[in-house]
């Protein structure tokens, strides 16, 4: 249940560390709560310093503090129900940054992701995640 | 016309003589076997229905598993603090962790396992009667009352383990060693 002002850890190597949710992009509703597999608009609150090589290049993606980006939620502290009734809950909220075309910004994911992503259509993220539970 | 009629009756008699279909409208429908204790007159009146359902709803193997692992007084029951591995019928095929709590509600019985995967704590709640649950295996039993297995946990629900990773590693240290 991620809503306005909810903070999430970023688990890919795009450079952001902590993002804050600003809007949950769900059809038919502008506000509301985001769960695993929902796309959100977020503000980067903390980011790793941009490397000098990336700063020089014009094609590399530079994520800085204060950027407004899109992300998909991959882990939530609120329990999520699976179709057979199982509940799964993680210890933190985590997200993976995306661009406007729903492609990942980073190239690697460092951490567990929820298997509910597959059901919502994020098979690419599930395939590069080190562990899917 | 007579030939087709004769063929139809022959088919009917053949099917009824060799394999009597319990469901007359389809021969591919699978019906569960009837329970061993048939419905008594007092059951039909409505006395003790819930207890009857609790006994007969799960299949006998599953029922035996519940009676052994999730009853309140069985000597082999699962105590909170034991390390349990659950095998599922689909992906992710197995999940193991420390048993945090058992919620006893008859057919609705469920338990929560906690594990730390890639530096993130993950908790999963499994329902015992789910057909997806293939096997529940105890890796390390929590202590019963001192001795080799150690002292038992003094709580039924170990939610305090969420805030203390050192206690979790204490329990899991016994698994490796």
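Quick one: grab the alpha carbon gyration tensor of the range B:27-105, order the square roots of its eigenvalues as a ≥ b ≥ c, and give me rounded if a/c is under 1.5, else prolate or oblate depending on whether a/b is larger than b/c.
Values: a/c = 3.13, a/b = 1.51, b/c = 2.07.
Here the range B:27-105 falls in the oblate category.
Which of B:159, B:70 has the fewest other C-beta atoms within 10 Å, and how do the rest follow up to the most? Don't skip to the answer; put the middle values down first.
Values: B:159 12, B:70 19.
Going from least to most buried by this count: B:159, B:70.
Computed from the C-beta positions of residue A:22 and residue A:56 and an R0 of 35 Å, the FRET efficiency is 0.70 to the nearest 0.05. Inter-label distance, residue B:137 to residue A:41: 5.0 nm, where each label sits 7 Å from its Cα along the C-beta direction.
Please label the shape of chain A as rounded, prolate or oblate, based on the square roots a ≥ b ≥ c of the eigenvalues of the alpha-carbon gyration tensor (a/c under 1.5 means rounded; beyond that, a/b larger than b/c means prolate, else oblate). Prolate, because a/c is 1.5 or more and a/b exceeds b/c. Remark: mean inter-chain Cβ contacts per residue of B:114-127 equal 6, using a 10 Å Cβ-Cβ cutoff to other protein chain atoms. Per-residue shielding of A:80-86, expressed as the average number of other chain Cβ atoms within 10 Å of the residue Cβ, stands at 5.
Tell me what chain A gives for mean residue ellipticity at 222 nm when only DSSP H runs of n ≥ 4 count, each as -39,500 (n - 2.57), the sum divided by the residue total, rounded to 500 deg cm²/dmol.
Values: 3 runs with 15 residues, N = 133.
Only helices count here, giving -2000 deg cm²/dmol.
Listing B:26, B:130 from fewest to most neighbouring C-beta atoms within 10 Å gives B:26, B:130. With a/c under 1.5 counting as rounded, go ahead and sort the range B:54-171 into rounded, prolate or oblate using the C-alpha gyration tensor (a ≥ b ≥ c being the square roots of the eigenvalues; past the cut-off, prolate if a/b is larger than b/c, else oblate). Here the range B:54-171 falls in the oblate category.
Bear in mind that the values in this text are calculations on the coordinates, not laboratory data. Just so it is clear, the structure is predicted and the values come from calculations on it, not from any experiment. Virtual Cβ from ideal backbone geometry, glycine too; neighbours counted across all protein chains shown.
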